[in-house]
Amino acid sequence: MTKKTLGLNTICTHTGEIIDEQFKGAVSPIYMSTSYQFEDVDVKRYPRYFNTPNQEFLSKKIAALEHAEASMIFGSGMAAVSTTFLAFLKAGDHLVIQNPLYGGTSNFIREELPKYGIEFTFTEGYQMSDFKKALQPNTKLIHIETPSNPLLTITDIQAVAKLAKSKQIITTIDNTFASPILQNPIDLGIDIVIHSATKYLGGHSDILAGAVAAKQEHIDAIWNVAKNLGGSLSDFMVWMLERSMKTLALRVKAQSKNAKKLAKFLDKHPEVTHVYYPGLKSHPEHRLAKSQMKSFGAMMSFELHESIDASKFLKALNLIKPSMSLAGVESTMLLPALTSHALLSQEERDRLGISSYLIRFSVGIESKKDLINDIEQAIASAK
């Protein structure tokens, strides 16, 4: 059987596993060594070179899921983002970045890229006219994020890729919110796909990791920078990530099914003024999301009515965890203004529409009825 003939759950379960030839165990063995033989071997292995057995084999699973030639695993999502940017940008180059997007990426760009003499422009929005307006003669890379964090805006992946290719510009996308289960940007023309593997790939709130998938030529360029920056992941955590990814498709599909029901519930709630979820027909990019995603995902945000104290609401939750990060099997909520986008100024948050009443909701696998009951009692407590 070839990779193309394997089903999604089969890829998640078996692609990239290491066969235990010695003891015939059912799961991949862990190779914890940081020192390997260098003579008379096909590969000179070293953890900082991203090529230990566990690193090498798990990369095959991620590449297969993203329909890429190759991939790399990093110590965090930001290690993946920063290394990729520095692999393709140098002093005098220009970067176009979509607004809105993850606050950590925005902060890295604003604080670190000027030190390297790299110019950048944040788009005014996420429509094609915004990208065209932001382009400059020295633009070398366009970075997008769709669905975006935290407002779940949807960018036309294929249109951005077409624009970039017409000008020989490399494209990157943060595919964390969708996961490779729901969206495969390489099929739509994007060059490089980036994940915070801490989120859906890990899925149990116990792994910090990042991943990049692309054609071999681009992975080689990223590796050439990565080996110097040293953002690799320990083999134990790589093994944990492989274990977690075996249930990736099952988890994401269950969470997405739950999220669609919760979005409809919140959309009708009198104490909720707005729901940001691409699965709702009222979402301005619903049709676009439907055309480039297999389902609408398990992430959403919603605005509480101003009569509801958002902090009190979060503290009153019993089942849903008011917690940082996202995409675990457990449902979580947070205030982006105080967490993921706290590093932005108040003016920047206001311009992006990130208010103090905005709640980001990562829907887990719990019973829909239990989640609704928890939200109802928390709203009542926060009035």
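Observations on the model:
- Taking the stretch 340-365 as the range and being within 20 Å of the chain's Cα centre (by Cα) and surrounded by fewer than 16 Cβ atoms within 10 Å (Cβ to Cβ) as the test, the residues that pass are 342, 343.
- When the stretch 211-265 is filtered for residues that are farther than 18 Å from residue 62 by Cα, assigned by TED's automatic domain parsing to the domain that holds residue 18 and among the charged types (D, E, K, R), only 227 remains.
- Residue in the stretch 40-50 that is assigned to a loop (DSSP other than H, G, I, E, B), of a type in the set (D, E, K, R) and surrounded by 20 or more Cβ atoms within 10 Å (Cβ to Cβ) present: yes
- Residue match in the stretch 27-38 (condition: assigned by TED's automatic domain parsing to the domain that holds residue 141, part of a helix (DSSP H, G or I) and touching a helix residue (DSSP H, G or I) at 6+ places or on another chain (Cβ under 9 Å)): no
- Verdict on residue 254 being touching a Leu at 6+ places or on another chain (Cβ under 6 Å), assigned to a helix (DSSP H, G or I) and at pLDDT 95 or above: no
- A search for C-beta distances below 7 Å between a residue of the stretch 179-198 that is more than 18 Å from residue 294 (Cα to Cα) and free of Cβ contacts under 8 Å to residues at least 40 places away in the same chain and any residue that is surrounded by 24 or more Cβ atoms within 10 Å (Cβ to Cβ) and among the small types (Gly, Ala, Ser), counting only pairs 6+ apart in sequence or on different chains, returns 191/214.
- Of all the criteria given as (1) under 16 Å from residue 212 (Cβ atoms); (2) touching a Lys or Arg at 6+ places or on another chain (Cβ under 8 Å), the one not satisfied by residue 169 is (1).
- Contacts under 7 angstrom Cβ, first residue in the stretch 91-108 being within 25 Å of residue 276 (Cα to Cα), partner of a type in the set (Val, Ile, Thr) and in a helix (DSSP H, G or I), 6 or more apart: 97/109; 105/81
- Residue in the stretch 324-331 that is over 27 Å from residue 186 (Cα atoms), of a type outside the set (S, T, N, Q) and touching a strand residue (DSSP E or B) at 6+ places or on another chain (Cβ under 9 Å) present: yes
- Residue 207 vs. criteria in a loop (DSSP other than H, G, I, E, B), hydrophobic (A, V, I, L, M, F, W, C) and either within 12 Å of the chain's Cα centre (by Cα) or within 21 Å of residue 83 (Cα to Cα) (or both): yes
- Residue satisfying all of: in the stretch 165-183; assigned to a helix (DSSP H, G or I) and among the aliphatic types (A, V, I, L, M); nearest to residue 198 (Cα to Cα) among these: 181
- Applying the set (1) among the small types (Gly, Ala, Ser); (2) within 20 Å of residue 365 (Cα to Cα); (3) surrounded by fewer than 24 Cβ atoms within 10 Å (Cβ to Cβ) to residue 234 leaves exactly one unmet item: (2).
- First in the stretch 54-83 and at positive phi, second anywhere and surrounded by fewer than 21 Cβ atoms within 10 Å (Cβ to Cβ) and acidic (Asp, Glu), Cβ under 9 Å, 6 or more apart: 67/187
The values are calculated or read from the model by the stated rules, or taken from the named source; none is laboratory data. No experiment lies behind these values; they were computed from the predicted model shown. Cβ coordinates were reconstructed from backbone atoms using ideal geometry, including for glycine residues, and neighbour counts include every protein chain displayed.
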